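Asks: Structure below; questions to follow.
The values are calculated or read from the model by the stated rules, or taken from the named source; none is laboratory data. This structure is a prediction, so every number in the text was calculated from the model and none was measured. We place every Cβ from the backbone using ideal geometry, glycine too, and count neighbours over all the protein chains shown.
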Amino acid sequence: MLRTLSSVRFARLHPSGIRILSALSDVSERFNIDYTITCGSEGHKSEDPHTLGKAFDVRTKDLSDVELRNLMSEMRAHLGPGFTVLYEVRSTAGLSFARAGLVSLVNPKASAEHLHVQVKKGSNDSD
């Protein structure tokens, strides 16, 4: 099941965003794991993929290393090369060796560790 924080907004939803939500729902059902969307269209600049309904963040702190790896792998398989799936953290300090190996982006300004999923810039789905 997909859940959202109460602060999450879907003010705008692009077709690529619908594909992301559908893939998250499919993966959730396959593994029988609830995923929490922590960021939708709120809190970003006007041209940001989040604001445009083309990107979402998913909580990862409550997932095991294996669950995170499976989520990333399945999202990439469901969405294909026109989408970006990144595991973003503030720092790798304190992460297990396996989890640190999954990190795609170290961003000291990130609010928390999360999976960021968006349509790739320049792909057919990005318009």
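Asks: Please go through the stretch 38-73 and pick out each residue that is under 20 Å from L95 (Cβ atoms), surrounded by fewer than 20 Cβ atoms within 10 Å (Cβ to Cβ) and charged (D, E, K, R).
Replies: Answer for the stretch 38-73, where residues must be under 20 Å from L95 (Cβ atoms), surrounded by fewer than 20 Cβ atoms within 10 Å (Cβ to Cβ) and charged (D, E, K, R): R59, K61, D62, D65, E67, R69.
Asks: Please work out which residue is nearest to T38 (Cα to Cα), limiting yourself to the stretch 89-114 and to residues that are of a type in the set (V, I, T) and in a loop (DSSP other than H, G, I, E, B).
Replies: We begin by selecting, within the stretch 89-114, every residue of a type in the set (V, I, T); these are 89, 92, 103, 106.
Applying the additional criterion that residues be in a loop (DSSP other than H, G, I, E, B) yields 92, 103.
On the way: T92: 20, V103: 18 Å.
Looking at the filtered set, the residue picked out is V103.
Asks: Would you check which residues across the stretch 2-50 are of a type in the set (A, V, I, L, M) and either in contact with a Ser or Thr (Cβ under 6 Å, 6 or more places away or on another chain) or within 24 Å of G82 (Cα to Cα) (or both) and list them? Spell out the reasoning first.
Replies: So in the stretch 2-50, the residues of a type in the set (A, V, I, L, M) come out as 2, 5, 8, 11, 13, 18, 20-21, 23-24, 27, 33, 37.
Result: L2, L5, A11, L13, I18, I20, L21, A23, L24, V27, I37.
Asks: What is the residue count in the stretch 10-24 for residues that are of a type in the set (S, T, Y) and more than 11 Å from H78 (Cα to Cα)? Give the steps one after another, and end with the answer.
Replies: Going through the stretch 10-24, the residues of a type in the set (S, T, Y) turn out to be 16, 22.
From what's left, more than 11 Å from H78 (Cα to Cα): 16.
Final tally of qualifying residues: 1.
Asks: For the stretch 22-37, what are the residues that are assigned to a strand (DSSP E or B) and crowded, with 20+ Cβ neighbours inside 10 Å?
Replies: Taking the stretch 22-37 and keeping what is assigned to a strand (DSSP E or B), we get 35-37.
Correct list: Y35, I37.
Asks: Still on this structure, please answer the following. For residues that are closer than 23 Å to L5 by Cα and out of contact with any strand residue (DSSP E or B) (no Cβ under 8 Å at 6 or more places or on another chain), scanning just the stretch 88-110, find the one that is modelled with the highest pLDDT.
Replies: P108
Asks: Output the residues belonging to the stretch 1-21 that are in contact with a Leu (Cβ under 8 Å, 6 or more places away or on another chain), modelled with pLDDT of 95 or more and either loosely packed, with under 15 Cβ neighbours inside 10 Å or of a type in the set (A, V, I, L, M) (or both).
Replies: I20, L21, listed by residue number.
Asks: State whether one or more residues within the stretch 42-60 are in a loop (DSSP other than H, G, I, E, B), basic (K, R) and in contact (Cβ under 8 Å) with a residue 24 or more places away in the chain. Spell out the reasoning first.
Replies: So in the stretch 42-60, the residues in a loop (DSSP other than H, G, I, E, B) come out as 42-54, 60.
Still in the running and basic (K, R): 45, 54.
In the following step, the residues that additionally are in contact (Cβ under 8 Å) with a residue 24 or more places away in the chain were identified as 54.
Yes, because at least one residue in the stretch 42-60 is in a loop (DSSP other than H, G, I, E, B), basic (K, R) and in contact (Cβ under 8 Å) with a residue 24 or more places away in the chain.
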